[in-house]
Amino acid sequence: AHLAKNDYVSLNPWLAHTKKQITLNGKAVRLTKERLEKTWNEMPRWMQLRLAASDHKSKVTDAAQLEKKYKAIEAQYPDKVPMPETFVGYKIEPSQIVFYELQTPGFAKKHIADLAGKSWVVAQFEP
């Protein structure tokens, strides 16, 4: 619901062991049904069963409740697990990427890549 009103997103993974962070800023684009089906069909069965067993919004009162739903779906679909309607996905179409690297001692390094048409323009900035 939120992405329908504002599709601008940021993804900020911090890679602690390298002391680096990458920030992707851009537009969230919902994946097509064809792409979702391809992803679903390439997924291991145990993962399909877990995703199908959850409605992804209800509170869990008992962990055994989810396990029971998992077992029921596993029995109902011994071969192929159908993709549930709740299975959705998005990709980020970045318009800006920020590369940040901690330097000790010294100043951190910060580079920003901005999409200009079909090319990226990269510059170093103060941290």
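The values are calculated or read from the model by the stated rules, or taken from the named source; none is laboratory data. Owing to the predicted nature of the structure, the values given are computational and were not obtained by experimental measurement. Don't worry about glycine lacking a Cβ; one is built from the backbone with ideal geometry, like all the others, and counts go over all protein chains shown. All accessible areas refer to the heavy atoms of the entire protein, side chains included, with ligands and DNA or RNA removed. Shrake-Rupley method; radii C 1.70, N 1.55, O 1.52, S 1.80 Å.
Observations on the model:
- DSSP loop trypsin sites (Lys or Arg not before Pro) with at most 12 other Cβ within 10 Å excluded, longest remaining stretch of the chain: 1-56
- Taking a straight Cα-Cα cut-off under 20 Å and skipping sequence neighbours fewer than 8 places away in the same chain, the lysines within cross-link reach of LYS110 are LYS19, LYS20.
- Here the accessible area of the chain is 57 percent carbon and sulfur, with a 1.4 angstrom probe and all protein chains present.
- Range of Cα positions in segment 71-127 per principal axis (Å), largest first: 59, 35, 16
- Magnitude of the charge dipole, segment 3-111, Cβ model with Lys/Arg +1 and Asp/Glu -1, debye to 20: 280
- Scanning residues 5 or more positions from VAL9 or on other chains, those with amide H under 5 Å from its amide H are GLY26, LYS27, ALA28, with H placed 1.01 Å from N in the peptide plane.
- A helix-only calculation puts the chain at -8500 deg cm²/dmol for mean residue ellipticity at 222 nm, using -39500 (n - 2.57) for each DSSP H run of at least four residues, averaged over all residues.
- Accessible area in square angstrom per residue, the chain, 1.4 angstrom probe: 76
- Within straight-line cross-link reach of LYS80, aspartates and glutamates at Cα separation under 14 Å, skipping those fewer than 8 residues along the same chain: GLU37, GLU42
- Axial C-alpha extent at least 15 Å, average Kyte-Doolittle at least -1.0 - helices from the chain (DSSP): 63-76
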